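Enquirer: Got a structure here, written out as structure tokens. Questions coming.
The values are calculated or read from the model by the stated rules, or taken from the named source; none is laboratory data. Everything numeric here is computed off the predicted structure, so don't read it as measured data. Positions of Cβ are backbone-derived with ideal geometry, glycine not excepted, and every protein chain shown enters the neighbour counts. These accessible areas exclude ligands, DNA and RNA; they are computed on the full protein's heavy atoms, side chains included. Shrake-Rupley method; radii C 1.70, N 1.55, O 1.52, S 1.80 Å.
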Amino acid sequence: MALNKTVMGAINFIAMVVSIPIIGAGIWLATQQDNACVQILQWPIIIFGVVVLLVAIAGFIGAFCRITWLLLVYLVAMLILIVLLGCLVGFIYMVTIRGSGHLEPNRSYLEYHLDDFSGFLRHRVQSSFKWDLIRSCLSSSSMCAELNQSFRMAQDFFTAPITPLQSGCCKPPTLCGYTFVNPTYWIMPINNGADMDCLKWNNDQTQLCYGCDSCKAGLLESLKNQWRKADIILLLSLIALISIYMIAFCVFRNAKTEKLFDKYKQAQPQPYV
């Protein structure tokens, strides 16, 4: 029993440690500007990590204080959390499986189309009310101004590895045929009706292409990349929690079996000497 107590305590301590990367993944997403503007995934992950931590603490206390009902609550709660985490990992994978960049002639950076992404992600940016809030958040950043400071010549800009957000929001789409002056100032062609985004471009530094579908697509590409990184952390945490749970369940079951066996031995009549 003393060994089981020590093992259960150690297992729950490891579960407490596993909650840290889950919380860290949520905090990391919250520090990314595009995720901070959209605010979809970071807080659910942070809250989930905190709940895992609290459940692990309950199991730790139950193991060292030998509180059977608390250990039962721990086992049930952790099983539910494992199922929920598995669903979350699968959900993130499914909504980020679609979407990729497209190469344009004589350009090193990629451009993005809104229709390439999953319906869930598109829904987050297609509402005019939601996009106005996101647009205001994005336009208050310095991501486009940084391009003007970094690139003076057209060829340098065309061969630059700019981010998906910068590609979609800070310049007009390549197919529009605009003439480069600087990364955020372009001369309109005579015929610019190739795409609706061509008409939405504005050299006003507070407007640019923040109203374009290409900006929405660039945002979704950035979200997708960051969510995939967070999903890897969640997947590894899920594997660790499943392993911890299986060990904890076996230890708890063995402890209950030993307890029942001891009661059985005590109930047996002692032989006369």
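Enquirer: Can you list the DSSP H helices in the chain whose Cα atoms extend at least 18 Å along the helix axis and whose mean Kyte-Doolittle hydropathy is 0.0 or higher?
Expert: 2-31, 42-65, 68-96, 213-267
Enquirer: Quote to one decimal, in nm, the extra length available between V17 and S141 on full extension: 0.36 nm per residue of separation minus the C-alpha distance between them.
Expert: Between V17 and S141, full extension yields 41.1 nm more.
Enquirer: Mind listing the lone cysteines of the chain, meaning no other Cys beta-carbon sits under 4.7 Å from theirs?
Expert: For the chain, the answer is C65, C87, C250, because their Cβ atoms have no other cysteine Cβ under 4.7 Å.
Enquirer: Run the simple label-point estimate for N106 and S128 please: 7 Å along Cα→C-beta, distance reported in nm.
Expert: Using points 7 Å along Cα→Cβ, the separation is 3.8 nm.
Enquirer: Follow-up question, since we're still on this one. Which one, (1) 113, 32, 32; (2) 77, 58, 30; (3) 92, 51, 27, gives Cα extents along the principal axes in Å as derived from the coordinates shown?
Expert: Label (1) holds the value from this structure.
Enquirer: How far apart, in nanometres, would the label points at V73 and A154 be if each is projected 7 angstrom from Cα along the Cα-to-Cβ direction?
Expert: Distance between label points: 7.0 nm.
Enquirer: Quick one: among V125, V17, V181, which has the greatest mean-square fluctuation in a GNM of the chain with alpha-carbon springs under 10 angstrom?
Expert: Result for the chain, Cα springs under 10 Å: V181 fluctuates most.
Enquirer: A follow-up question, please. Does a label point 7 Å from the Cα of I232, set along Cα-to-beta-carbon, have any residues of segment 99-126 with amide nitrogen under 14 Å, and which are they?
Expert: none
Enquirer: If you count only protein heavy atoms with a 1.4 Å probe, what accessible area per residue comes out for segment 67-183, rounded to a whole Å²?
Expert: Numbers: 6020 Å² over 117 residues.
The answer is 51 Å² per residue.
Enquirer: Between L199 and I40, what FRET efficiency follows from the Cβ-Cβ distance if R0 is 35 Å, with the result rounded to 0.05? List each step's numbers first, then the result.
Expert: On the way: r = 29 Å, r/R0 = 0.84.
In this case the efficiency is close to 0.75.
Enquirer: Then there's this: Note down the net charge around E104, summing +1 for each Lys or Arg and -1 for each Asp or Glu among other residues with Cβ under 14 Å from its Cβ.
Expert: Values: positive: R107, K171; negative: E111, D195, D197.
That works out to -1.
Enquirer: What list of whole percents do you get for P(r) of segment 45-98, with Cα-Cα distances grouped in 5 Å bins up to the one holding the largest distance?
Expert: 4, 20, 23, 19, 13, 9, 6, 4, 2, 1
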